[in-house]
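**Q** Shown below is the structure under consideration.
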Amino acid sequence: MRILKLRFKNLNSLAGEWSIDFTHPAYVSSGIFAITGPTGSGKTTILDAICLALYGQTPRLKTISKSTNEIMTRNTAECFAEVEFESQIGRFICHWSQRRAYKKPEGELQPPKHEIADKISGKVLENKLQRVAGKVIETTGLDFSQFTRSILLAQGDFAAFLNANPDERAPILEKITGTAIYSEISKKVHERNTLEAGKRSEIQDRIGILDILSPEEVSALKRDFTDIGEAIRKKSSERDLLRRSAEWLQQLSRLEVEIEALGEEKRLLEVKRSDAAPDLALLARAKKCQPFEETYRDLTSSRNLSETYDTEIIAAREQMDGTQVSYTASLKAYESARQRYESLKAAAEEEKQVFIRVRNLDTRIHEIKDQITEKKIELEKGEASLQQCIRNITRETERDKEKKAELARAITYLEEHPKDSLLRENVSGLGEKMRHYEQLTRRLLSNRDQLASQTAEVERLKKAHEAQRTLLEEKDQEFQEATAAVRMIEETTDQLLDYRKPGFWQACVASLKERRTKLEAELKIHDAIEQIGVKIREREDHQDQLKEEIAKKREILSGLKREQDLKEEIRARIETNLALLHRIKSLEEARSHLVEGDPCPLCGSPDHPYARKTIPPPRAVESEWAGIKEELRILSDQVRQTELSLSQSETILSSDKRAVTEQRDRIRELLDESAFGFEDIGFVTNSSFLKKSLSHALTLCEVHSAWCSEIVASYEGIVPRLKDATDAATRIKESLSCHQTAFGNLDVSLKIRSNTLYDLEQQVASDAEELARLYQEVATQLQGFGMTFTEGTSIVGILESLEKRKREFEKMANRKTDIEKEIDLIAGSILNHQKQMEDTRVAVASQVQGISEKEEVFVALDHERKELFGTRDPDREEKRSAEELRSAEKQFREASSASKEYEIRITTLQEQIEKKSGTLEQILITVRDHTSSFLAGIQKAGFSGEEEFIASRMPRDRFEVLEKRETDLIFEERDLSSRIKERTTALSYERSRNLTDKSPDTLEEEISSLESDITGLHQEQGSIRQKVTDHEARVTHQNELLQALQMQEAECLRWEKLHDLIGSSDGKKFRVFAQGLTFDRLIAHANRHLRKMSDRYFLIRSGRSSLDLDIVDNYQAGEIRSTKNLSGGESFIVSLSLALGLSGMASRNVRIDSLFLDEGFGTLDSETLEVALETLSTLQQEGKIIGIISHVPALKERIPTKIMVEKMTGGRSRLKAPGCRAHGTS
């Protein structure tokens, strides 16, 4: 990473905006530069600006936020820092800033802003305050801690590492190189090993408490279970036989009651038939109208349509007459608009050329006018500037006289107070000693008071300590008694719960409750399925009857249709004969002219049978035709009635089938809800054994639930007693713990107070000795400035007096320098003003001549324009002409469009009238034909005319209601007859079975006795099943635990091996190993840099501990020395080597091309300093640029490239350096 440019504003003493370009040739060529300046001038602020721009914090101030900002220059409203840097992935700019509200120095601090952008593309990569630091780490490869260890190096931090003992060196190495993670890994391995061992012990304990039956016990239980099952099957068979007999008696009684109820239904149905007779008569008349309904609707529709067309034709003819008049008027308007439009168009073309000439003249006139105005303004400015130059010269001359007088006064003051110049170096140290003297005096008095109070407090604590020991022994006895009471109650609880957990019995109760709920649901499902099965059987019987009835109706319908087809053939032949007879009759006159043997002029036949008056009479044929038509009508009614009846029967059959399917689907849904998963619907609907088994299981469940509930209730009664005893023991234990804590606190307090008392005694003696020494030093220094110092003298007054004298002297010295600079500036300003005055006079004369020439051109152009167009506005005239032309064009187009529209409308109306007239003629012909055929048809059906037909019609909804009523009566009569027959047959069949001669009460008593025996056997069998189930569950659980134990053993072995290698409770084992490796790397890096500075020394790892450090002295025959014996200069060289080594390690794999050392080189002699600088200079070969902050004069002379920080007045500073520029002041 390389720092390329730095820009900042208002940071500490460096007020204003500054920028430093580190790519300047001066920095690149030498590779090393110094940052110099007085103490407190702001040298380190340059490094703070780099950290602030990148990470939003500095090594001295850490994070800067809205609540605090101590780096912003005082009395300024904003500050920022911006750095341009280059890394392995590109070039970037990072900017940090903060301002005060309203940009006022007294405004409230606003939240800081931070962003990073790509230098090449300018794209902002991140501007969220919390995320920018992460993006900087991503682009640089360094976090803030690594940056301050690898790029900004301070010797003090690494000297602490060099001089620390091994135990103190470990955390320092962790902090610098980030090896603390290994300590955490060691602790985590130890914790995980302990956790896995605990899991293994827990599994072993769980295996040990399992109660497993022997194989002999399991075999005996299974034999007992089989024997009981055989006994249950025998008794269940006897019980089922008795149940069937009882059900047979109930069926006989039910059938007799149903037959009696069906007789009553038959009587009510006859009454219902008689009540419906009038409505059925009306229905019969309405049915006669049905064949003509469609014809009548068509006839009515044709009549209405003819009236509509007639009305529309009249309206269209009236509309066409009005449109013809409007068309004539539109033609006249069209011709007038056309003539006006062509006239205006020709006039517009002539005016267009005039407008162009006028606009050109106006443009030139305005240009000349603007030029004249501008020159007059410049003339006025020049004259004003001339007068201002004269005033400036006069003012600067007066200032020069005043400054020279002020300079004389400053020189006189400095000559009169020569001793005050020493205050600049001495007043700070003297003030520090005097303040330290005052603090030491106050501390001595305070310590003496504390010494007396601490002595009394130690005596009081000794008495309280003894009293607390006696009370602690009493509380311990109470706790032992309470613990014994708790153990007794816990033993009683374990016996009650059969040494099982309470959750086991509570789970049993919950499980049995859930099982009972499921069994009750199964019983309900079984009852519902049984009821649906009865309904299905009834509907299937009804379907068989309907199928027989439908087969008969289909046979009848087939016969009727065959007869109908035969009658239709006869009717067709009669109609043909009748038509021939009428045809023969119509040719009577032609037959009178026929001659026997001559060909007929119509058919050409020579034979003329009807010419001899042998025409058969047509009346007999017509009578035969009417008879066959009546027979066809009767057959058609019979076919329709039969089809209707057949359709109704099929509908009922289909409805029954759907109902059976839905009921079977409902049974399947109930079976899906069942927990047994039956698939055979017939088995479930007819099985009484299943229901009895479910009832028996429910009884067993209730018995077991009561037993488990009793145990849970007993346990819940003991729990309060156990809780009270436990709470009492806990309270006593807490009290005991409190007393133990109090005793421990008293013991610790006594020790602390005793140690404090000893420390105070030592401190009082030391402070008295130090106070006497300070008094002598301060009195001696003040005597040199003509002041005396006694024990009662006010230190604040003395310091204020000295500070005042120092400030006054510095003020006069600075003022003298400033006045001399101002006098030089004033002289230069007077010369500049004189030169400016002469230049201004020449410019004014030139401007006057130019204005005169432009005015002559303006007059000529204005005269030409008025002669051509007067004072009129060409834009307004052109707009008026264009508006007239557009209006005329619009009128012309509207007139043309109107005439065409009227022409199209007339044509359209003529076509509509012709089309509708033709359609109306066809409709009238259709109405006449339909009317004649309709009247003929209804008369044949028995209606006297159209009025009687209309009166006999019935609304469709009422017709459907009456027709449904008639159908319902028919079906009810048939259904009732079928049910009476079915019940009578069933009663005869049941009586023939004769299953028993016992009474129902006797059968019920015998069934109850058998069910009681079966229930007892089921309970016994369920108890055996539960024992076997529990045993199998425990065996399965044991196998699972054994398998889990095997897996856990493998896991424990893996973690134990890892724990033996690196695990420890304090994390030391792995940390020491990792730090040893890291320490070796550090020594290798440091020796590489140390060899460049000196061939005498070589760092090695000491054998005393893994983090101890020794040095090999090659000048002493390779003697190994401790680093504690190094001199100041030697320590610096080794510290610098370690610093550079640690810089390489902290930066990981990131290339570091910029390095800053905030370092004091004052401990080095000239030769060692030269070696150190040569070593740092060699880093240039690696492409590095090194900046050094130092006060050493030899270092300043040795390094040619410098950034100088100079102190100014008011606590401000400024920068002077190659590539450094000030952008302004604040």
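**Q** Got the relative contact order for the chain handy, in percent, Cα pairs under 8 Å and 6 or more residues apart?
**A** Result for the chain is 33 percent.
**Q** Taking a ≥ b ≥ c as the square roots of the eigenvalues of the Cα gyration tensor of segment 1030-1120, is the shape rounded (a/c under 1.5), prolate (a/b larger than b/c) or oblate?
**A** Judged from the Cα gyration tensor, segment 1030-1120 comes out prolate (a/c at least 1.5, a/b above b/c).
**Q** Helix 423-496: angle to the longest alpha-carbon principal axis of the chain, degrees 0 to 90, nearest 10?
**A** In the chain, helix 423-496 runs at an angle near 40 degrees to the longest axis.
**Q** How large is the helix-only mean residue ellipticity at 222 nm for the chain, computed as the sum of -39500 (n - 2.57) over DSSP H runs with n ≥ 4, divided by its residue count, in deg cm²/dmol to the nearest 500?
**A** Roughly -27500 deg cm²/dmol at 222 nm, from the helical runs in the chain.
**Q** Evaluate the distance, in nm, between pseudo-label points positioned 7 Å from the Cα of Leu924 and of Asn1039 along their respective Cα→Cβ axes.
**A** A separation of 10.5 nm, rounded to one decimal place.
**Q** Let me ask another. Pull out a ≥ b ≥ c, the square roots of the eigenvalues of the alpha-carbon gyration tensor of segment 59-126, then state rounded if a/c is under 1.5, prolate if not and a/b is larger than b/c, and oblate in the remaining case.
**A** prolate
**Q** Can you compute the FRET efficiency between Lys501 and Lys188 using 1/(1 + (r/R0)^6), with r the Cβ-Cβ distance and R0 = 30 Å? Round to the nearest 0.05.
**A** 0.35
**Q** Within segment 852-953, which trypsin sites (Lys or Arg not before Pro) sit in a loop by DSSP and count at most 10 neighbouring Cβ atoms inside 10 Å?
**A** Those that pass, being in a loop and sparsely packed, are Arg872.
**Q** Can you give me the distance in nm between label points at Glu474 and Asp527, each placed 7 Å from the Cα along the Cα-to-Cβ direction?
**A** Label-label distance for Glu474 and Asp527, simple model: 7.1 nm.
**Q** With 10 angstrom as the radius, rank Phe85, Phe1156 by how many other C-beta atoms surround their C-beta, starting from the fewest.
**A** Phe1156, Phe85
**Q** Can you tell me which lysines have their Cα less than 20 Å from the Cα of Lys1027? Leave out same-chain residues fewer than eight positions away.
**A** Lys222, Lys501, Lys513
**Q** Beta carbons within 10 angstrom, averaged per residue: use that to sort the peptides 104-110, 647-653, highest first.
**A** Per-residue Cβ counts within 10 Å, averaged per peptide and sorted highest first, yield 647-653, 104-110.
**Q** What are the chymotrypsin sites (Phe, Trp or Tyr not before Pro) within segment 478-520 that DSSP puts in a loop, where the Cβ has at most 10 other Cβ atoms within 10 Å? Each step should come with its number before you reach the end.
**A** Numbers: sites: Phe479, Tyr499, Phe504, Trp505; in loops: Tyr499.
Answer in residue order: Tyr499.
**Q** May I ask which residue of Gly90, Met1, Leu14 lies farthest towards the positive end of the charge dipole of segment 1-109, with charges of +1 (Lys, Arg) and -1 (Asp, Glu) on Cβ and the Cα centre as origin?
**A** The one lying farthest along the dipole's positive direction is Leu14.
**Q** Lysines near Lys821 by alpha-carbon distance under 21 Å, same-chain residues fewer than 8 away left out - which ones?
**A** Filter leaves Lys401, Lys403, Lys404, Lys811, Lys1207, Lys1216.
**Q** Here is a follow-up. If R0 is 56 Å, what FRET efficiency do you get for Glu770 and Ala117 from their C-beta distance, rounded to 0.05?
**A** Once the sixth-power term is evaluated, E becomes 0.45.
**Q** How about Lys561: which lysines have a C-alpha closer than 16 Å to its C-alpha, ignoring those fewer than 8 places off in the same chain?
**A** Reachable lysines: Lys552, Lys553, Lys629.
**Q** Here's something else I'd like to know. Measure nothing fancy, just the Cα-based angle from helix 795-869's long axis to the longest principal axis of the chain, in degrees from 0 to 90, nearest 10.
**A** For 795-869 against the chain, the angle is about 60 degrees.
**Q** Quick one: work out Rg over Rh on the C-alpha atoms of segment 236-327, Rh as Kirkwood radius.
**A** 1.69
**Q** Same structure, new question: In segment 1-64, which trypsin sites (Lys or Arg not before Pro) fall in coil by DSSP and have 13 or fewer other Cβ atoms within 10 Å?
**A** Arg60
**Q** For the pairs Lys135/Lys187; Lys135/Lys188; Lys43/Lys1202, note any where the Cα-Cα span goes beyond 23 Å.
**A** The pairs that break the limit, which is 23 Å between Cα atoms, are Lys135/Lys187; Lys135/Lys188.
**Q** So what's the Cα pair-distance distribution over segment 1-134, bin width 5 Å, in %?
**A** The calculated distribution, bin by bin, is 2, 10, 19, 22, 20, 14, 9, 3, 1, 0.
**Q** Using +1 at the C-beta of Lys and Arg and -1 at the C-beta of Asp and Glu, which of Thr295, Tyr327, Leu305 has the Cα lying farthest in the positive direction of the dipole of segment 291-332?
**A** It is Tyr327.
**Q** If one takes the longest principal axis of the Cα atoms in the chain, at what angle in degrees, from 0 to 90 and to the nearest 10, does the Cα axis of helix 1166-1178 lie?
**A** The two axes meet at around 30 degrees.
**Q** Follow-up question, since we're still on this one. Please label the shape of segment 783-886 as rounded, prolate or oblate, based on the square roots a ≥ b ≥ c of the eigenvalues of the alpha-carbon gyration tensor (a/c under 1.5 means rounded; beyond that, a/b larger than b/c means prolate, else oblate). Could you put the intermediate results ahead of the total?
**A** Details: a/c = 12.97, a/b = 3.01, b/c = 4.31.
Cα axes put segment 783-886 in the oblate bin.
No value in this document is a laboratory result; all are computed from the given coordinates. Every value quoted in this text rests on a predicted model; they were computed, and no experiment measured them. Methodologically, a virtual Cβ is constructed for each residue, glycine included, from the backbone with ideal geometry; neighbour enumeration extends over all protein chains shown.
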